Every structure is written in C-alpha cells, then in structure tokens.
Amino acid sequence: MRILQSMLTALVTAPTRIGALGWNPFAELDKNDPESLVDAVLSATGEVSSLVYAATLLDRIEAMADDELLPLLDHIATTHDLDAEALSAAAASYAKGRDAQGLATIASLAEPRWVELFRRLNATEGGTVRLVRMRQRLLRLGREDAAAKRLDEGLKSLLRMWFNPGFLILQPIDWSTPANILEKIIAYEAVHAISSWDDLRARLAPEDRRCFAFFHPSMPEEPLIFVEVALTGDIPRAIDPVLQIDREALPAQEASTAVFYSISNCQAGLAGISFGNFLIKRVAQDLKQQFPELKRFVTLSPVPGLMRWLRGINPDLAATFSTADAAFWNGAAAEQEKPFLAAALRYFTESDRADGWPNDPVARFHLGNGAVLEQLNFGADRSEKGMAQSGGLMVNYLYDLKVVEANHEAFHESKAVPLSTALKQLQRSL
C-alpha cells in the first residue's frame, strides 16, 4: 500500500508525467471552474483521477478569496447534501424489518455526499494539513454563513476520527530538535510568549526543563499541542522564577515536582478537538518512569476570565487591579489581597453559567481531566497580559495520578469544584 500510494502521489504531483502517459484528465473539464472540479472529484471512479482532481480543487480553494469561496461552499452543501426523503423512506422500511442491508442503506443515506469529498481531499499529498487549514477558514466563515457552518460540522467529525489520540505521537522537544520545529514552538506559544532564542533555550536546554509535543503521522512537521514542564523542588507560587533565563538549574534527579506551566494548542483548524487531557497524562507517565522520585504533578495556570467576570460583580475592585503598578504591589496590594482572593474563590466555586460548569475555561479543562484546585497565588503574574486577564492571579491544579480517573468521574457527575484542604480552610476564613 505504501508503494501504491507513493506511485499515485507521484502522478498527482507531477502533471507532466500524466501527460507523458497520454492521458489528460482535464480534456473535457475546466479546471478553473471550482464547481466542476467538486463534481469531478465526487464522480471520479479511478484512484488516480480522483487524486488529480482533488489536488487541483484544493489548489483552487486556497487561492480563492472569501467572497469567491462562499458561493462554492453553498454549492457543495446544497448540491451534494443528503437525500432527506430517501433517508426517511429507508428508516421507515428498516423499522418494519430490521436487517443488515437496511441498516447499511440508512448509514449510506445519512451521510451528506460532501463528506466523501473531504475524504478524497484528505487522500492527496499534504491533504490532511491542508484540510486543517481549510477548517480554520470554515470556522471563521461559519459565524455568519449557514453553509460554511454545516460543512464545518462534518469536517470536524472527520478530523476527530483522523486525529484520534491513539494515532498521535508524543515527542520530546529539546535544543537538538530541528530548527523548523523550534520556530513553530516560538510562534505557537500561547500562554507565556517566547521573546528570543535565548528565552527558548532557557525553556528547553537546562536539565530541569522539559517540553513535549503531540504530532500526527500525516503532519510530522506540525506540532498539534505542546506542554512546557519545569522540574522543581516545590510547588511554585509565581511565574517569573520559572521563566527566568539566567538561573541555576536544579539537578533533575533532585526534583520532587513536575510543573506544567504552559500548554499551547497549535492548530486553530483543530479547535474543539481536545488533545490536552491525553497529553498531560502521557507526559506525567513518561516523567514518572524517567524520574521515579517525582511526587507531585501540578500546573501553574492562568485565570483568563477572572478580570472580565470581576468587572461585572465588583467593578471597584477590578479597577484597583486594572491600574496596579509596582508601587501598588509594594504597598496597597496587602490590603486588597483578602477581598481579591475571596472574589476569586467565588469565581471558581460558584458558577454563573447556564450549564453549571465552572466559570473559568482553564478550570473546566483541568478539573474535567481529574485535577484538584490546589492553590491560589496572589500576584503571581504581574505582566501586562497577566494583569489584564486575572489581576495577577495564577493557580495550581494538582494531578494525583492515583485518583485522577475517580476525580474526573465525580466532577462530571456533580460539577462541584474539588478544593485542596488548604483552600477549604482559606474559604472558611474569608
């Protein structure tokens, strides 16, 4: 199969070779007409012709501006939609006599024809990464366009299957990783911006720093998500010491705590397809095997929704932290710590959402994975971004590998935020 696929790819990516064989797949087709290309991809019965048409269609789509693409999306979603009447009739027939053929007929009719279009586009050289890029456009266009939104839902379902965690490859990222990958780590870092190559080296090269990324076999040079880890002697209460470039590294074998201090999703086209929970657990298991003396696995996490929420329920307190400067942290901050932490605990434990889940998106992610809210760190991130998002607050979520599964089940059943003993005591004192 590998040899066959290589041969087909060679034909697709070298049109002159096709011509040399005396076959012109575009003899009766205007390859500049995207609607005709869509129809050709779906009607092609040969593997080679399907790949040729599909690759040409992808080229055409990628060259189209949004106002050109929207009519094509409408054509695809409408012309190649499922046959609702035939599906209804097949379901009625199956209800009278349940058999394998009837079920197969329903399964075939229940899938829009354009789902097969995406499958054929994916089969081209580089098709997977190109479809991820296409979905990024569909997500944006789908906010206003119904056809784009429908196509996005179908493509999302396919990507969820194609990017099943079982297919993903966990790779360590270090200073010896190829430069093209390292450049993407810099570009995709979404939590704590990497300011220079020296900054990146400080996160990858020391023996008490680790970085891991998930890759897909069809996208070997495109990280999907990565996590940066600090090996420490205790649970950190601030981000600056973790990110400090010039510091004395801790011998890795002396570390007792693994700190996940940055988790970045790299592909906007895979939004809604979560890999982070699998990544954290895989990395924790890998680190535990490498360093059996590690006793704690925690995060040092931002609280991205806190200040927006605080402006709604206590605008005066929010304003105090919005204008905080060095003088504030050296003086008035001590007086504001107690009311601020009280508000933060309410933000975490009392949902204002209609669905009852925690207010904070990062909390929903980590608690949903079985972590416990371990510690609130006042003034932990005094950067411009940290102040704007959370008034400087950062938190630690604790992953106890022995009970994460039980915590996961309990949280999804009750939606109650699990607190550490220390936070329960803090809650009672405020």
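Every number in this text was worked out from the coordinates using simple rules, so none of it is lab data. Given the structure is predicted, the values throughout are model-derived calculations rather than measurements. FYI the Cβ positions are ideal-geometry reconstructions off the backbone, even for glycines, and counts take in every protein chain you see.
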* **Dipole-positive endmost among 284, 261, 245 within segment 166-299 (Cβ charges, Cα centre)** => 284
* Cα gyration tensor category, rounded, prolate or oblate, for segment 213-335 with a/c compared to 1.5 -> oblate
* Structure fact -> Magnitude of the Cβ-charge dipole (Lys and Arg +1, Asp and Glu -1) of segment 291-337 about the Cα centre, nearest 20 debye, reported as 280
* To do: Using the structure shown, list the pairs from 295/338; 281/402; 281/424 with a Cα-Cα distance above 20 Å, or answer none.
  => 295/338; 281/424
* Asked: How large is the charge dipole for the chain, taken about the Cα centre, if only the Cβ atoms of Lys, Arg (+1) and Asp, Glu (-1) carry charge, to the nearest 20 debye?
  -> 940
* Asked: Okay, helix-only estimate at 222 nm for the chain: each DSSP H run of n ≥ 4 adds -39500 (n - 2.57), divide by all residues, round to 500 deg cm²/dmol; what do you get?
  -> -16500 deg cm²/dmol
* Please report how far the C-alpha centroid of segment 109-133 lies from that of segment 214-272, rounded to the nearest whole angstrom. => 33
* To do: Order the peptides 64-76, 198-210 from the highest to the lowest mean number of other Cβ atoms within 10 Å of their residues.
  => 198-210, 64-76
* Positive-end residue of 168, 212, 230, charge dipole of segment 166-299 with Cβ unit charges -> 168
* To do: Obtain the nm distance between the two label points defined at residue 116 and residue 95 by a simple spin-label model: each point lies 7 Å from its Cα along the Cα-to-C-beta direction.
  => 2.7
* Asked: Which Cα, out of 303, 425, 50, lies furthest along the positive dipole direction of the chain (beta carbon charges, K/R +1, D/E -1)?
  -> 425
* Here are some values of semi-axes √(5λ) of the Cα gyration tensor in Å: (i) 66, 25, 20; (ii) 35, 25, 22; (iii) 47, 27, 22. Which one was computed from this structure? -> (iii)
* Using a Förster distance of 51 angstrom, determine the FRET efficiency expected from the C-beta separation of residue 205 and residue 106, and round it to 0.05. => 0.35
* To do: Among the aspartates and glutamates, select those whose C-alpha is under 20 Å from the C-alpha of residue 184, and discard any that sit fewer than 8 residues away in the same chain.
  => 174, 198, 199, 221, 222, 228
* Assigned charges on the beta-carbon of Lys, Arg, Asp, Glu; segment 166-299 dipole about Cα centre (debye) -> 500
* Structure fact -> Among beta bridges assigned by DSSP with both residues in the chain, the antiparallel ones amount in percent, to the nearest 5, to 85
